[in-house]
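Below is one structure, written out as structure tokens, with a few remarks after it.
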2 protein chains.
Amino acid sequence: MIIDGKGLAETIKQELKDEVDEIRKQGGNIPHLAAVLVGDNPASASYVRNKVKFCEGAGFESTLIKKDVSISEEELLEIIEDLNGNEDIDGFIVQLPLPDHINEHRVTMAIDPSKDVDGFHPVNFGKMAQGLDSFLPATPYGIMTMLDRYNIETEGKHCVVVGRSNIVGTPMSILLSRKSKPGNCTVTLTHSRTKDIASECLRADILIAAIGIPKFISSDMVKEGAVIIDVGINRVEDASRKSGYRLVGDVDYDAVVEKASFITPVPKGVGPMTVTALMMNTLKAAKSK
Amino acid sequence: MIIDGKGLAETIKQELKDEVDEIRKQGGNIPHLAAVLVGDNPASASYVRNKVKFCEGAGFESTLIKKDVSISEEELLEIIEDLNGNEDIDGFIVQLPLPDHINEHRVTMAIDPSKDVDGFHPVNFGKMAQGLDSFLPATPYGIMTMLDRYNIETEGKHCVVVGRSNIVGTPMSILLSRKSKPGNCTVTLTHSRTKDIASECLRADILIAAIGIPKFISSDMVKEGAVIIDVGINRVEDASRKSGYRLVGDVDYDAVVEKASFITPVPKGVGPMTVTALMMNTLKAAKSK
């Protein structure tokens, strides 16, 4: 079965809109997300546009703060301080990557954890790892929501995560091993230093590919009936496209699709769920006021 | 080879003492650890005694704050506020467990992260999980130190962690999978919902047993040549002892010792290293002032 991330994202957007309409009717606090975009990286601009568009669709308020690539770290930190103190903003994100002259860690640490809807601040990350209530990082939260809405059984399953990044692989491995639903998986976290990654993948009931290498997961690395979650969004050249490229995942989709019990496509799989999760966090922030 | 946790702890205690002697000579800041003990749980009292004794041996200053089991949460939080603000205290711990009428989470959250030498505050836990500098939780830090000092190769090894507690299993799985030395393991985290825990353990080059069940790891769960780290400290009745009990680990030591390339005994294995790690954190706190 193909997991329709785009369709699910639309469904949840409508649910969020219904909830926000109700809040509006009762004169409550309408969720308001701010996004800070520095420079003109086209991928970053496109991600931020998607987020703003989703806000509109769900009835959220949104504010886009666009700054030139030449902004100093100090100026950016001042903007963050303003957003932290702005009662009208429930949550905000600073789109990564930032220009080289700005320290991303310092920026992340400056965000008030109660407005950190990306879930990147260490205090939110730590609470997640300790099983406490927190803002979950958007991509892992989107995947957990997907598993939940598709009623995919996770308890007692063997999950193999490929890639140990702070934004996907590591938090996914933590979330799926927790005592929760979805969760309660036996989780193996693999990465570039893993000796025989194919053998590890072959053991997976649930395989999370988040390594950033196009079509890394081949058919012979996948067990019959496995659930395949493809987090990769890789641009590969394609002269037949007007843009000159197309998006492919970390999984060799065409070869794997027959073996998988569930699989996410790229695009329209995990990507739209990441934005959805960000909005769920923003609503949570607005309601906790 | 039997890993001599007690001996290594003594060696490091001497190294710490040498460093503190040097600090004293130069008129620097002598590390000062405070421990808060609530009630009269004999195990807790014994742990705290060991910590104070280690402080003395390493030339640290120590303060023991003993409170009756009837102390209110508010009173305890006031003590923590005082310790947070006390310039003379570099780090402090509140010995767990606390009486039922006190919310442990609230207590942990009240500790200033820069004095949280137990590494339990979410911001320290999150930094650890994100690979940032932080106070590592004492038991995992002690084990990492052991692996390091015994020059046990971890890169590319398959590590199986049994038990997903916040104080041992989960942080161990995170630390060993990080890009670090020791680290770079392929890590499988197993727990009560794991379907075939014996098969998982059999795959381990490095096995971390932290499940709290006496002799849970039997010989047929261990691969020839594996490194065995036994975190269990279980009291089992023993009429032949004056105390009426003896301590056994989570590993069936006598059956496993022949197969293991390295193994920690119980007692005198991981236990003394936990106290050592706490002291390393305290020195780090003192030096960062």
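Charge tally around A:Ser46: other residues with Cβ under 14 Å, Lys/Arg +1 each, Asp/Glu -1 each, net +4.
Legend: ranking of residues B:Glu75, A:Glu74 from fewest to most surrounding C-beta atoms inside 10 Å; resulting order A:Glu74, B:Glu75. Dipole magnitude for the stretch B:31-81: about 420 debye, using +1 per Lys or Arg Cβ and -1 per Asp or Glu Cβ, origin at the Cα centre.
Annotation: cysteines of chain B without a disulfide-compatible partner (Cβ-Cβ under 4.7 angstrom) are B:Cys55, B:Cys201. The mean sequence separation of alpha-carbon pairs under 8 Å and at least six residues apart, normalised by the residue count of chain A, gives a relative contact order of 20 percent.
For the rotational copies B and A, the chain B residue with its Cβ nearest the relating axis, together with that separation in Å, is B:Gly126, 1.
Label zone of A:Lys195 (point 7 Å out along Cα→Cβ, amide N under 11 Å): in the stretch B:159-200 this covers B:159, B:186. Distances between copies of A:Asp18, taken at a point 7 Å out from Cα along the Cα→Cβ vector and listed shortest first: 6.9 nm. Size of the protein assembly as shown: Rg and Dmax of its alpha carbons, in Å, are 25.3, 83.
Treating the angle as unsigned and between 0 and 90°, give the value, to the nearest 10°, between the Cα long axis of helix B:73-85 and the longest Cα principal axis of chain B. Helix B:73-85 and the main axis of chain B meet at about 80 degrees.
Can you tell me the orientation of helix B:42-58 relative to chain B, as the angle in degrees between its alpha-carbon axis and the longest Cα principal axis, to the nearest 10? The helix B:42-58 is inclined about 70 degrees to chain B.
Taking all Cα-Cα distances within the stretch B:68-224, those exceeding 29 Å account for 29%. Neighbouring Cβ atoms from other chains, within 10 Å of the Cβ of residues in B:168-181, number 3 on average. Stokes-Einstein diffusion for the stretch B:27-112, with the hydrodynamic radius set to the Kirkwood value over Cα pairs and evaluated at 25 °C in a medium of 0.890 mPa s, equals 183 µm²/s.
What's log10 of I(q)/I(0) for chain B at q = 0.07, 0.09 Å⁻¹, Debye sum over Cα points only, no solvent? Debye curve over Cα of chain B, log10 I(q)/I(0) at q = 0.07, 0.09 Å⁻¹: -0.26, -0.44. Within the listed set B:Gly183, B:Gly225, B:Gly91, the residue fluctuating most in the Gaussian network model of chain B (springs between alpha-carbon atoms under 10 angstrom) is B:Gly225.
222 nm [θ] for chain A, helices only, -39500 (n - 2.57) per DSSP H run of 4+, per residue, to 500?
About -12000 deg cm²/dmol.
When restricted to Cα atoms, the stretch B:1-45 yields an Rg and a Dmax of 15.6, 42 Å, respectively. Rounded if a/c is under 1.5, else prolate if a/b is larger than b/c, else oblate: which is the stretch B:136-202, with a ≥ b ≥ c the root eigenvalues of its Cα gyration tensor? It is oblate, given that a/c is not under 1.5 and a/b is not larger than b/c. Think of each Lys and Arg Cβ as +1 and each Asp and Glu Cβ as -1; about the Cα centre, that makes the dipole of the protein assembly as shown roughly 1160 debye. Given the convex hull over the Cα atoms of the stretch A:229-289, what projected area results after averaging over all orientations, in nm²? With every direction weighted equally, the projected area is 5.9 nm². Which residue, B:Arg241, B:Arg203, B:Arg178, tops the fluctuation ranking in a GNM of chain B built on C-alpha contacts under 10 Å? Largest GNM mean-square fluctuation: B:Arg241. Distances between copies of B:Pro97, taken at a point 7 Å out from Cα along the Cα→Cβ vector and listed shortest first: 4.9 nm.
Peptide B:189-198 is shielded by partner chain Cβ atoms: per residue, an average of 5 of them sit within 10 Å of its Cβ. Here A:Lys181 and B:Asp100 are evaluated by their C-beta separation; at R0 = 30 Å the FRET efficiency comes out at 0.65. Label-point distances for B:Asp238 to the equivalent site in the other copies, using a point 7 angstrom along Cα→C-beta, read 6.7 nm when ranked shortest first.
Kindly put B:Val270, B:Val257 in sequence by how many other C-beta atoms sit within 10 Å of each C-beta, fewest to most.
Ascending Cβ contact count within 10 Å gives the list B:Val257, B:Val270.
Sticking with the crude label model, points 7 Å out along Cα→Cβ, report the distance from B:Asp82 to A:Lys242 in nm, one decimal please. For B:Asp82 paired with A:Lys242, the spin-label model returns 7.2 nm. Principal-axis analysis of the Cα atoms of chain A puts helix A:5-25 at an angle of about 30° to the longest axis.
Taking label points 7 Å from Cα along the Cα-to-Cβ direction, B:Asp148 and A:Ser114 give a separation of 3.7 nm. When A:Val69, B:Val256 are arranged by Cβ crowding within 10 Å, least crowded first, meaning fewest neighbours, the order is A:Val69, B:Val256.
Run the dipole for chain A about the Cα centre, Lys and Arg Cβ at +1, Asp and Glu Cβ at -1, nothing else charged, and hand back the magnitude in debye, nearest 20. Could the numbers behind the result be given before it?
On the way: 33 positive and 41 negative charges, 133 e Å.
Computed about the Cα centre, the dipole is about 640 debye.
Our summary of shape: the Cα atoms of the stretch A:93-136 have principal axis extents of 35, 15, 14 Å, ordered from largest down, in whole angstrom. Average 1/r across all pairs of distinct alpha carbons in the stretch A:138-271, invert it, and you get the Kirkwood radius: 14.7 Å.
Once R0 is set to 56 Å, what does the formula 1/(1 + (r/R0)^6) return for the Cβ-Cβ distance between A:Ile213 and B:Glu19, expressed as a FRET efficiency to the nearest 0.05? Intermediate values should be presented prior to the final figure.
On the way: r = 45 Å, r/R0 = 0.80.
So, using R0 = 56 Å, E works out to roughly 0.80.
Computed from the coordinates by the stated procedures, all read-outs in this text should not be read as laboratory data. Everything numeric here is computed off the predicted structure, so don't read it as measured data. All Cβ positions, even for glycine, are placed from backbone atoms using ideal geometry, and neighbour counts span all protein chains on display.
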